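The structure is given below, and queries will be raised subsequently.
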Amino acid sequence: MHARLRGRLECSFESHLRQHLIGLVLSEVDCRLSDNTVRRPDVSRFFSGNEIARLIPAKSSSRPPRISPSRFSSPSESPIDVNCKTLQYFAAGSQEVWQIEYENPQLYIQINDEIRLLRGEAAVQNPLLPGFSAALSPLLAGF
């Protein structure tokens, strides 16, 4: 199920970013957030050509590209662990973090200090992706 959800999300983002030529979508790629922290979001959106070119292996000390990660929470993760990881993404320059919860099919989108909770038949729209819209229920179908 994890791979199916990741694929659906990746396809939704890829279609939009290609149409508007504003970035790249990759799954399961290592992202250096700081000298000591590397995370591997389930799906990442990288913005602008120059920043995509700087998608560097974890051993590099170069500044990370601007990413917007999407993560699927694991039942074994505590809310404190999830929040800690989210704060690491923001400290590295991410403008938003998507958190998808398995146990209660729902999506949290955090932009700065605002958190939106989407579930059921909600439409996913995003101010950082003008024109992007996806129905939440097909994305989370089967969970």
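Could you tell me which numbered condition S94 fails, if it satisfies all but one of (1) at pLDDT below 90; (2) more than 15 Å from the chain's Cα centre (by Cα); (3) of a type outside the set (D, E)?
Of the numbered conditions (1) at pLDDT below 90; (2) more than 15 Å from the chain's Cα centre (by Cα); (3) of a type outside the set (D, E), the odd one out for S94 is (2).
Could you tell me how many of the residues in region 118-134 are of a type in the set (F, W, Y) and assigned to a strand (DSSP E or B)?
So the answer is 0.
Here's a follow-up. Just to be sure I understand, how many residues within region 83-97 are buried (at least 16 other Cβ atoms within 10 Å of the Cβ) and either assigned to a loop (DSSP other than H, G, I, E, B) or in contact (Cβ under 8 Å) with a residue 60 or more places away in the chain (or both)?
Of the residues in region 83-97, 2 are buried (at least 16 other Cβ atoms within 10 Å of the Cβ) and either assigned to a loop (DSSP other than H, G, I, E, B) or in contact (Cβ under 8 Å) with a residue 60 or more places away in the chain (or both).
Considering only residues of region 1-49 that are among the hydrophobic types (A, V, I, L, M, F, W, C) and in a loop (DSSP other than H, G, I, E, B), which is surrounded by the fewest Cβ atoms within 10 Å (Cβ to Cβ)?
L21
Here's another thing I want to ask about it. Report whether or not P75 is in a loop (DSSP other than H, G, I, E, B) and either aromatic (F, W, Y) or at pLDDT 60 or above (or both).
Here the answer is yes, as P75 does meet what is asked.
Which residue pairs have Cβ atoms closer than 8 Å, lie 6 or more positions apart in sequence or on different chains, and pair a first residue in region 33-48 that is free of Cβ contacts under 8 Å to residues at least 24 places away in the same chain with a second residue that is among the hydrophobic types (A, V, I, L, M, F, W, C) and assigned to a strand (DSSP E or B)?
Close Cβ pairs (under 8 Å, with a partner that is among the hydrophobic types (A, V, I, L, M, F, W, C) and assigned to a strand (DSSP E or B)) amount to V38/C31; R40/C31; F46/L24; F46/V25; F46/L26; F46/I67.
Just need a number here: residues in region 1-50 that are among the acidic types (D, E) and touching a Gly at 6+ places or on another chain (Cβ under 9 Å).
Total satisfying the criteria: 0.
Mind listing whichever residues of region 126-139 are modelled with pLDDT of 85 or more and either under 15 Å from R45 (Cβ atoms) or in contact with a Pro (Cβ under 8 Å, 6 or more places away or on another chain) (or both)?
F132, A134 - these are the residues of region 126-139 that are modelled with pLDDT of 85 or more and either under 15 Å from R45 (Cβ atoms) or in contact with a Pro (Cβ under 8 Å, 6 or more places away or on another chain) (or both).
Turning to a different aspect of this structure: Search region 4-26 for residues being in contact with a Leu (Cβ under 9 Å, 6 or more places away or on another chain) and aliphatic (A, V, I, L, M), and hand back the single one that is farthest from W98 (Cα to Cα).
The residue in question is I22.
Hey, among the residues in region 101-117 that are part of a strand (DSSP E or B) and out of contact with any Asp or Glu (no Cβ under 8 Å at 6 or more places or on another chain), which one's surrounded by the most Cβ atoms within 10 Å (Cβ to Cβ)?
E101
The values are calculated or read from the model by the stated rules, or taken from the named source; none is laboratory data. All figures in this text were calculated on a predicted structure; none of them were measured in a lab. Heads up, the Cβs are rebuilt from the backbone with ideal geometry, glycines too, and the neighbour counts pull from every protein chain shown.
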